[in-house]
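Below: the structure, in structure tokens.
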Amino acid sequence: MTARLGRTTGPGRPVGFAILVVVGVLAVVYALGVAYSQRTGSHLFATTHVLQATQARYLAESGVIYAQRVARAWKAPHSEKLSFDSGSTTIELEDLGGARVLIAAGRCGSVTHEIAVLLDPRGGIILWRESTR
């Protein structure tokens, strides 16, 4: 049986109807796949950024704790860099007369977390300020 355009084959369906249904279903499945892929990619980026920001903060805090324990022996200005598997910490110590300013910057991936601390002469914390870039 030869089918011509405009004629029907089978139970009242036009010729080529099955191919249109298959193409339509494939288009919907493709669109859903693309949307899911983009959503997953943006979630992965956000999760990675949050993880790096958290690690950078802890690296900066570890720099402050380390410097509090050994800063009394340092002559200002002093700079030190500590490297770890997940990132690095840069510690800088400046003298402001009687008080000292300690800046610890933790870096993990593309995120840097900086903590600036004003230390009294005995090494106690007077002021603490944080920022993330």
Selection count, the range 78-102, where residues are under 19 Å from L127 (Cα atoms) and not β-branched (V, I, T): 10
Some residue of the range 28-43 being within 30 Å of the chain's Cα centre (by Cα) and in contact (Cβ under 8 Å) with a residue 12 or more places away in the chain: no
Leading residue by the ranking (nearest to the chain's Cα centre (by Cα)) among those in the range 44-57 that are crowded, with 16+ Cβ neighbours inside 10 Å and not small (G, A, S): Q52
Members of the range 93-116 found to be farther than 14 Å from A60 by Cβ, in a strand (DSSP E or B) and either in contact with a Pro (Cβ under 9 Å, 6 or more places away or on another chain) or of a type in the set (D, E, K, R) (or both), listed by number: L93, E94, D95, A99, R100
Qualifying residue in the range 81-92 (condition: modelled with pLDDT under 90, over 26 Å from T132 (Cβ atoms) and either in a helix (DSSP H, G or I) or not polar (S, T, N, Q) (or both)): no
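The values are calculated or read from the model by the stated rules, or taken from the named source; none is laboratory data. Just so we're clear, the structure is a prediction, and the values are computed from it rather than from any experiment. Ideal geometry is used to build each Cβ from the backbone, glycine not excepted, and the neighbour counts take in all protein chains shown.
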